[in-house]
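Below you'll find the structure, written out as structure tokens, and then a few comments.
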Amino acid sequence: MMTLYSGTVCPFSQRCRIVLFEKGMDFQIIDVDVLNKPEDLAVMNPYNKVPVLVERDLILHEANIINEYIDERFPHPQLMPADPVMRGRTRLFLHRFEQELFNHIEPIENGTAKAAEKARTAIRDNLSQLTPLFTKQKYILGEEFSMLDVAIAPLLWRLDHYGIVLPKQAAPLLKYAERLFARPAFIEAMTASEKAMRK
């Protein structure tokens, strides 16, 4: 059985929880208070961060690596594209999300007011650039829900919480966000603390 050590308010942990619930398999989630981490976390992950996935003698950290492993281990429903070219593009997209969106979360949560404001602007602008995708299609890769939608969902859920206001032109992106939030696996994967982030 897979065990996920998951931060209750950690957007990266939320990604892994979404994938586990989308797959509908047997797993255990251990909630980790990131302000009071269990000692064995540093043994499992040299960076002493969540999420961490444990299955028998395999220990993985980093949300994208964990999620690809789960996707390969339990192929239904498949979240990474089957085609190697599309899979390569998807990995590149995931990398861009880290660089252009998720890297800015840290300064919002822990930085100075100035750094946080700069980070909010960066996220707002980068998200706004994605908006045209959703005027024609349901999800990032088209009609099929994929790992890219999983990856971005926790950030979209936290926009209000992080004080990020999108421009009016971003309406298609916000509609897309509502589609993600309505998925049963998204709802099941949420912690009480995450539910409290949106009114």
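Quick check on the chain: of the DSSP beta bridges with both residues there, what percent are antiparallel, nearest 5%? Before the final figure, lay out the partial values.
Values: 8 of 14 bridges.
For the chain, the DSSP antiparallel bridge percentage is about 55.
Each residue in 19, 85 was given a count of other beta-carbon atoms within 10 angstrom of its own, and listing them fewest first yields 85, 19. Counting only residues at least eight positions apart within a chain, or on another chain, the lysines with an alpha carbon under 21 Å from that of residue 49 are 37. Taking Cα centroids, how far is the stretch 164-187 from the stretch 20-57 in Å? Distance between centres, Cα-based: 28 Å.
Here, the chain is characterised by an Rg to Rh ratio of 0.95, where Rg is the alpha-carbon radius of gyration and Rh the Kirkwood radius. Listed from fewest to most Cβ neighbours within 10 Å, the set 13, 6 follows the order 6, 13. Put a plus charge on the Cβ of each Lys and Arg, a minus charge on the Cβ of each Asp and Glu, and nothing anywhere else: the dipole of the chain about its Cα centre is then about 840 debye. Note on residue 89 and residue 47: their simple-model spin labels are 2.8 nm apart, each label 7 Å out from Cα toward Cβ. Close amide H contacts of residue 29 (hydrogens built in the peptide plane, cut-off under 5 Å, sequence separation of 5 or more or a different chain): 4. Name the residue farthest towards the positive end of the dipole of the chain from the options 16, 164, 145, assuming +1 on Cβ of Lys and Arg, -1 on Cβ of Asp and Glu, about the Cα centre. The one lying farthest along the dipole's positive direction is 164.
Derived from the Cα gyration tensor, the three semi-axes of the equivalent ellipsoid of the stretch 84-183 are 23, 16, 11 Å, largest first. Each residue of the stretch 123-136 was assigned a 3J(HN,Hα) from its phi angle through the Karplus expression (A = 6.51, B = -1.76, C = 1.60, θ = phi - 60°), giving 5, 4, 5, 5, 5, 4, 5, 7, 3, x, 3, 8, 6, 10 Hz with x at Gly and Pro. Full extension of the chain between residue 135 and residue 118 yields a length gain of 3.3 nm, computed as 0.36 nm times the residue separation minus the alpha carbon distance. In the elastic network of the chain, a GNM with C-alpha springs shorter than 10 Å, the most mobile of 176, 139, 69 is 69.
Test of understanding: extend the Cα→C-beta vector of residue 182 to 7 Å, then name every residue of the stretch 112-139 with backbone N under 14 Å from that spot. Within reach of a label on residue 182, which here means backbone N under 14 Å from a point 7 Å along Cα→Cβ, the stretch 112-139 contributes 138-139.
Only the coordinates and a few stated rules stand behind these numbers; no lab work does. Worth saying up front: this structure is predicted, and the values here are computed from it rather than measured. Here Cβ is always computed from backbone atoms with ideal geometry, including for glycine, and neighbour counts include all displayed protein chains.
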